[in-house]
1. Could you say whether any residue in the stretch 162-172 is open to solvent by less than 30 Å² (accessible area, probe 1.4 Å), in a loop (DSSP other than H, G, I, E, B) and either within 14 Å of ligand 2 (Cβ to nearest atom) or farther than 24 Å from V105 by Cα (or both)?
2. Search the stretch 3-35 for residues being acidic (D, E) and part of a loop (DSSP other than H, G, I, E, B), and hand back the single one that is surrounded by the fewest Cβ atoms within 10 Å (Cβ to Cβ).
3. Please state which of the following conditions V152 fails to meet, knowing it meets all the rest: (1) in a helix (DSSP H, G or I); (2) of a type in the set (V, I, T); (3) touching a strand residue (DSSP E or B) at 6+ places or on another chain (Cβ under 9 Å); (4) within 15 Å of ligand 1 (Cβ to nearest atom).
4. Can you name every residue in the stretch 274-283 that is buried (at least 20 other Cβ atoms within 10 Å of the Cβ) and either over 20 Å from D15 (Cβ atoms) or of a type in the set (F, W, Y) (or both)?
5. Counting only residues that are in contact (Cβ under 8 Å) with a residue 60 or more places away in the chain and either aliphatic (A, V, I, L, M) or open to solvent by less than 70 Å² (accessible area, probe 1.4 Å) (or both), how many does the stretch 138-149 have?
6. Using beta carbons and a limit of 7 Å, which pairs, at least six apart or on different chains, have the first residue in the stretch 165-178 and within 20 Å of G245 (Cβ to Cβ) and the second one open to solvent by 40 Å² or more (accessible area, probe 1.4 Å)?
7. If you take the residues in the stretch 180-193 that are within 16 Å of ligand 1 (Cβ to nearest atom) and not small (G, A, S), which one is farthest from F219 (Cα to Cα)?
8. Report those helices (runs of 4 or more DSSP H) wholly inside the stretch 36-137 carrying at least 2 residues which are surrounded by 14 or more Cβ atoms within 10 Å (Cβ to Cβ), within 16 Å of ligand 1 (Cβ to nearest atom) and in contact (Cβ under 8 Å) with a residue 60 or more places away in the chain.
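The values are calculated or read from the model by the stated rules, or taken from the named source; none is laboratory data. Given the structure is predicted, the values throughout are model-derived calculations rather than measurements. Glycine gets a Cβ as well: all are built from the backbone with ideal geometry, and neighbour counts include every protein chain shown. Accessible surface areas use protein heavy atoms only, side chains included; no ligands, DNA or RNA. Shrake-Rupley method; radii C 1.70, N 1.55, O 1.52, S 1.80 Å.
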Amino acid sequence: MKKEDNILRDTHGRDHAYLRISLTERCNLRCFYCMPAEGIPLVPRSHLMTYEEIYEIAKTFVAHGVNKIRLTGGEPLVRKDIGLILEKLATLPVELSMTTNAVIVHKFIDLLKANRLNHINLSLDSLQKEKFKKITLRDNFDIVYENLLRLVDEGFKVKVNAVLMKGVNDDEIVDFIHLTKDLPVSVRFIEFMPFDGNRWDMSKLVSYASIMERLNAAFDPAEVERLQDAPNDTAKNYKIKGYKGSFAVISSVTNPFCDSCNRLRLTADGKLKNCLFSATESDLLTTFRKGGAIEPIIQKAVQSKFKVRAGMDDLEKLKEPELHGRNRSMIAIGG
Ligand code: SAM
Ligand code: SF4
């Protein structure tokens, strides 16, 4: 491929090999940090990509260098045609993964295995049943925890995503690290990020630095090992010596990892987002449905990607509600 044909390379020299596809805006939980309390207006079903459209659009990205696809949402497993979507995507030469709240994942173990989806990010923000209910507004802690153990048992590679919020679950940092003693999972502490309607403010953020403080108060520094991060990894990885699992911090707010960003996002209604923080979207589905070529639209979207966080290159800009409030809610972007 000639250099100028590389439609997934941006003007900062970053190649985008990782596509995250949101399958739905619907969800069986109501996490307050992800969606506004009043819910979001759902786009009509006819505006959502069908399973064939997901496959064809994904195939175009794969033809241009995407080698990793993560399915997300909303809750990807509530999509009725999840089986068909997986069967189609499994025919592409990519690593397939999924981010799920795991409330119903036990019903899909065989399907996931049959379609070689063995990397799962499971969202779990509290190890306490009552707190889980307060965060998600649903009483599903027991099944989610059971499913975490089940996935590990079944041989899936599991990462546990915990969004930390001050006064909500930051008292559980050490409990989450202890979870990795006997479970071979990677717990990832995610900094709370601002999106439309999620009542974000800087004072609720638990920063990378404060997570490290808690860690140092609970463990002898000699016990803590800094692991090698994978290329393009958004996480800074650690391990307590002798523990089966590991943990990491994803510091998108205080310490962005934009330099090595290789991600693009496709919303359930077929819009391409070149950055999680970007309010700008490029409509691929309308052109696709008219039989037009989507490559020029993809190329233009990639070319217009900012160097850092959709142009919010310092924390002051990120704090401006006017700037981040223009973005969709996380539930409609697909984390
Ligand atoms: N429903 C699935 C789940 O919860 O895993 C997939 C979609 S969810 C939007 C994807 C990820 O985004 C989850 O791990 C969730 O914790 C994270 N997320 C949602 N809102 C966030 C926010 N405001 N800041 C940081 N992460 C957020
Ligand atoms: Fe649903 Fe996931 Fe958002 Fe929670 S984080 S409301 S589970 S989409």
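1. yes
2. D10
3. Tallying (1) in a helix (DSSP H, G or I); (2) of a type in the set (V, I, T); (3) touching a strand residue (DSSP E or B) at 6+ places or on another chain (Cβ under 9 Å); (4) within 15 Å of ligand 1 (Cβ to nearest atom), V152 fails exactly one: (4).
4. F277
5. Step one: of the stretch 138-149, the residues in contact (Cβ under 8 Å) with a residue 60 or more places away in the chain are 138, 140.
If we keep only those that are either aliphatic (A, V, I, L, M) or open to solvent by less than 70 Å² (accessible area, probe 1.4 Å) (or both) too, we end up with 140.
So the answer is 1.
6. Qualifying pairs under 7 Å: E172/L127; I173/R214; V174/R214; V174/A218; D175/L127; F176/L127.
7. Applying the filter and picking the extreme gives M193.
8. Of the helices (runs of 4 or more DSSP H) lying wholly inside the stretch 36-137, those with at least 2 residues that are surrounded by 14 or more Cβ atoms within 10 Å (Cβ to Cβ), within 16 Å of ligand 1 (Cβ to nearest atom) and in contact (Cβ under 8 Å) with a residue 60 or more places away in the chain span 129-136.
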